Structure formats: C-alpha cells, structure tokens
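Some notes on the structure that comes next.
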Amino acid sequence: MLNRIWKKFTLALLIVAFVPIGYFGYRHLEDVKSSIPDRKLSEIFLNTVTRSKDIERTFLNAHTDIEYLRSNLVIEFYLDLSNQPSSASAYWKRLMQREFALFLLAKKGYSQIGLLDEYGKEVVVVSKNSGNVTALEESKKRSRVTSSYFVRAATLDRYGVAAIPMRSSVEAGQDLGQITLIRYATKVFDSKGEPRGVIYIDLNGSEILYSLTDTNDEKRGETSFITSHGSYIHNAYTKDSKVKVPIADHPNIFLEFPASVTSQMLSGKPGVISNDPDNLIAFSPVFPQVGNRDIFYLLFNRYPKSLFAPMFKEIKHKYFTGGVMVFLLCVVVAMAVSRALTHKLGMLREGVENIRERKLNHRLDIRSGDEIESLAKAYNMMASALQDYSHSLETKVEERSQHIKTVERKLMQAEKLGAIGFLAAGVAHEINNPITIIVTRLELIKKALKKGNTDKLRDDLDTLERHAKRISQITGDLLTFSRERPNEIGEADINDAVTRVAGLIGLPIRKKGIELKLLLGSGLPAARASVSGIEQVIYNLVYNAYQATQSGGSITVTTKTAGENRVVLLISDTGGGIPKKNIKHIFEPFFTTKDVGEGTGLGLSISYGHLKNFGGSINVESDKERGTTFTITLEAKPNEKVKGSAKLIGFKA
C-alpha cells in the first residue's frame, strides 16, 4: 500500500507541477507581453500628467502674481493722482517703476511688466533681459489701445485676468527662458474702485522648460509642449534632446501623426493612445487662463513600439530557462518527499486505528524533526488527554449537576427569604390586631370573674379561640412559605396556594391603596407542580404587580380550567405596563429595570424555571393603558378535584 502511495504521490506532483507551470507560464508570458505596453503607457501618462500639474501651478502663480501687483498701494496712489499735474504723481510713478523692477528681479519666470492708462497709453514698462532690468524710456512709449491684451483685459469682468499667447511656435534650439510665451493682463482700479487702466505681466518659458525637462522618480523623461494648433513650443525628440527615441524634427504634430491621432490629442482632454501603429502616446492639456477652456497648451509623451521587441525576447528566454529548472526540481523533490512521508504516514495511520479501537495507551515514537513529529506529539497528547478524560468525565458531570442544583436551590431560597423581609411588617400587623383583642378580652374576663359574672364567659372564650386560630394560621402560612422544602413535582391546589400568598401579601397591598381581587374558580383539578414552587411563582408575579401599580389601582388573580387537562392562572394589574423592548428580556436572569436595592432581577427568571420544570408555560401581555397580564398554564390531574366553593369567588384583600 505504501509503495502505491509514494508512486501516486510522485506522479501527482509531476502532473500538478509540470502541467500548471507549462500552462500558466505560457499564459503569464502572454499577459506580461501585453502588460508591458500597458505599464509603459501608464508610466508616460503619469509623467505627462505630473508635468502638466506643475505647469498649471506656474499658470496659477501668474494669476496670483498679477492680482498681487494689481492690489499694490503704489499703483492705487498713482492712479488717484494721475489726473492732477503735480510732482506727487511723478513720485509715485518712479516708486511704481522701482516696485516692478524689484518684482522682476525676484521672479525669474517673468520678462516684462507694464501699466497702461485707461486710454491704452504706456505709463510704466519694465523689462528683464539676461538678468538686467530696464525701464522703457518716455520717448519710446506708445499707445496700445488697439492691442489684443488691452482689449481683452478691458472687456473682462471687474477682476478677471486674461491670458494672451504670445508665440504660436518656437523653433528648435531657441532658449525658452528668453522667450515670452503668455501675457497676463487685468484691470487696475483707483481708491474709489473705478477702472483706470490695465496692468500686464509677461511669463517667459524658463519655469515651463524646467517642468518639461526635470527628472525624478515620478518624471522619468522629458515631455513635448505644443500649442492648441499643434505647433511645437518644446520638442523633446530632436537630435539635441536626451530622450532615447527616434528623432522627430518637425514644426508641428500634423507632419508626424495621422489625423485620427492628432484629433484626439487636440481635443482639450487628457488621454492615451495605444492604437497608433508606431507609438504609445499619452497627453494632457494645460489651461493658462482660469475658467477659459478655449485656450490651452498640450503636453505629450510618446514611446516607440519598436523598443518592446528586445524586451519580449529577453522575457521569453528567462521563462523558458525557469520552466526547465522548475520541472527538474519538481521531479527530484517529488521522489524524495514522497518516500520520506509514506513511512511516517503509516505510523500515524496505525495510531489512528488504535484510537478507533479505544486502545488509548498506545503512543507514537516519531523523531523526524519536522511537522510530522509535531503531529505525532499532538497525537500522543490527545491520547493521554482522552485516557484521563474518559476516567473523570462521569465524575465531573455528576459534580457539575449537583453544583447546579445546589446553586439553583440557594437562589430560590434567597429570593424567598427576601420576600419574607418584605412580608414581615404586614404579618406583624396581622398578628398584632388579634393579640390586642385577646389581651382586651382577658382583662374583661378577669373583671367578670371578680364580680362573679360568668354569663358572657363562653362568648369571650370563643372570641379568644377564634383570634388565637387566626394567629396560628398567619404564622403557619408564613412558616410554610419560608420553609425550604423539596421541590418535588406532585399535585398542587392552585386555589389554596393563591389564598395563602394573598393572606401574606394582602396588607402591604392594602396599605398602598391597591385593591386585590381573587377570582378563584371552583372544582379545579389539582395541577402538576410542587406546592412551594407554585407559591413562589404566585408571590413573585403578585409582588411585581404590586410594585408596578399605583395607589387607586387593582391587582386581579384568576384561576380557571382550560379543557380537561389544563389549569390556567392569570395575574393582572392596572400598572403602566412593560415597554415592548423589555418584554423579550424579562425572563433573563438579573434583568431588571428597577432602581438599585429594589430588585435582583431573579424573580421572573426563577418563576420561569419552575414552570418549565412543571411542564407548564407562561405568557405575558402588556399595554401602557390597560396594564400587564401574566398567563400561566399547567397540566391538570383530572381525577383530583380541588376542594372549595362550587362558584366563582370575588375576594378583596
């Protein structure tokens, strides 16, 4: 058998290893071949989008900078005084020229700042060239009222900023840092908020060039930059660039790509193109003017598909070599491991057979230093534990059963003793009244005997006897209720149990101003229950009703039959009812909604346990307006009728 196992195991390992490796290796190779272009496309798209965000940040900074210049107090003061021929306006003009010069020195991305009055005439023009800042001479200043940037700025909303492209293309080899690409223009206002001219700022290509050529972990290669008309501002694929792809010296993209590709690139939306026969292309537009989607530039990356062939060849070679090595390794390992396992598995099988035959003293001796040895040790521990457990199981079960019964009995007796404490005051009052009568009658008897008057002596003795029996009955009921009796199921008189409990708890109920009604059916059969248990159930439910009912309310206890084999006990009150969310929890041990010190939460749980033990049931119906009714159903003894009245009794305690 063991010989068959290791042969099958060897064959199975060969099949499981070789077939999936061959199949999934081929599938994985094909997936890798298709995923390499996808990864490269994702890489160049990420590169394009990252650089486009950098350039958009440059454009947003230009908006922020021109808004900062527009809010300069020097410009505002000059505009307030510009219509007044005074030396003050000349002073503010010189100060404004100085502010513009300092701004250009601090910001390398700008090449010129100018201010035009409301008629388009140049007021101040400051330029920067190769780090040198100069102001335009007065004799060279012209009117720019017809210029596009003046017209665009003048027609914008109050605080709008216009972006005007200044170059439609840039020839290869030109320095973008020295070329003005975009002019930003906006209105300026005097202190009264009236428009008094236009300020503009020229953005050169230095920061844009840095964003296009800077390389790091996210920016793997240079990116081309074109206008919305397809003309190059920066071509990353010329003979002077560092990108290792075929050279493409063309002035615009229409000479490089088919119309289907250029139309997608110039759509104004970011995207990728993988269906071009020669290149993978990723592109992303950037918008120089906030809120204007008509003017845009485009960044794009391309990767020639011809560069994938060497990569595919290398991957195929690696997969083939790896597959051969894995196949040979699987053959060797399968043969070695299968031979080593079969012997130890046979020993384990022998041990399991001994457990099945209940030979719990059998132990395994496997010392292989691996998981099989750990399994053998676990088997030995299990066999020892089973051997010990089989000896002690019956004893433990018996001990636990006795312990549970003892705890249940103590809990029931503790709950009953708690009730005795509540009943003590009422019982004392019930005993005190007859004792007072007895003492009074004895005094009268003494006086009558002294006078020799014995006519009413018999009536007095009858009164003494009646009240002495009343005391005996009360104390007897209390002793019967409190005594710890065997909870053996027998035949219980439900009416008698109700009457006895009502006699004990009646006084506290009356003192609270609650009416206790007993409607006891006659001719009830004896119920299947223990007397002490059913008394405790009745007391717990009546006591709960007493706590839930306010002065002026009533508690009603009703007994009746239900068919020939059932006795029904109903305990109703006119209290505030039980919230619906609590009804499903009221029979759980220690569940109570009473304040601390007013309840243990065991009364209903103990009652439920008694009734289940009797084979009976308990149901509850509760309404906020009508109160709560507990319905107890017990099995009856049809041949054992309860002695008592033959009619329904209405009793007010």
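What to note about this one:
- Search result, residues across region 38-54 that are in contact with an Asp or Glu (Cβ under 9 Å, 6 or more places away or on another chain) and aliphatic (A, V, I, L, M): 46
- Of residues in region 235-279 being in a strand (DSSP E or B) and modelled with pLDDT of 90 or more, the one most open to solvent (accessible area, probe 1.4 Å): 272
- The residues on offer are 101, 88, and the sole one that is open to solvent by 20 Å² or more (accessible area, probe 1.4 Å), over 29 Å from residue 58 (Cβ atoms) and in a helix (DSSP H, G or I) is 88.
The rows are residues; the columns are (1) surrounded by fewer than 18 Cβ atoms within 10 Å (Cβ to Cβ); (2) more than 30 Å from residue 301 (Cα to Cα); (3) in contact with a Ser or Thr (Cβ under 8 Å, 6 or more places away or on another chain).
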position	(1), (2), (3)
61	yes, no, no
69	no, yes, no
83	yes, yes, no
116	no, yes, no
137	yes, yes, no
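- Restricted to region 553-567, and to residues there that are assigned to a loop (DSSP other than H, G, I, E, B) and open to solvent by 70 Å² or more (accessible area, probe 1.4 Å), the residue that is farthest from residue 539 (Cα to Cα) is 564.
- One residue from 591, 587 being in contact with a His (Cβ under 7 Å, 6 or more places away or on another chain) and at pLDDT below 80: 591
- The set of residues in region 175-187 being surrounded by 14 or more Cβ atoms within 10 Å (Cβ to Cβ) and farther than 13 Å from residue 112 by Cβ consists of 176, 177, 186, 187.
- Looking only at region 124-134, and only at residues there that are closer than 30 Å to residue 84 by Cα and out of contact with any Phe, Trp or Tyr (no Cβ under 8 Å at 6 or more places or on another chain), the one that is surrounded by the most Cβ atoms within 10 Å (Cβ to Cβ): 125
- Flag if residue 79 is open to solvent by less than 20 Å² (accessible area, probe 1.4 Å), in a helix (DSSP H, G or I) and either touching a residue at least 24 places away in the same chain (Cβ under 8 Å) or among the hydrophobic types (A, V, I, L, M, F, W, C) (or both): yes
- Hey, residue 534 in contact (Cβ under 8 Å) with a residue 24 or more places away in the chain and part of a strand (DSSP E or B) or not: no
- For the criterion of being open to solvent by 70 Å² or more (accessible area, probe 1.4 Å) and among the acidic types (Asp, Glu), residue 56 fails.
The values are calculated or read from the model by the stated rules, or taken from the named source; none is laboratory data. Predicted model only: the values in this text are computed from it and were never measured. Here Cβ is always computed from backbone atoms with ideal geometry, including for glycine, and neighbour counts include all displayed protein chains. Calculation scope for accessible area: heavy atoms of the full protein, side chains included, ligands and nucleic acids excluded. Shrake-Rupley method; radii C 1.70, N 1.55, O 1.52, S 1.80 Å.
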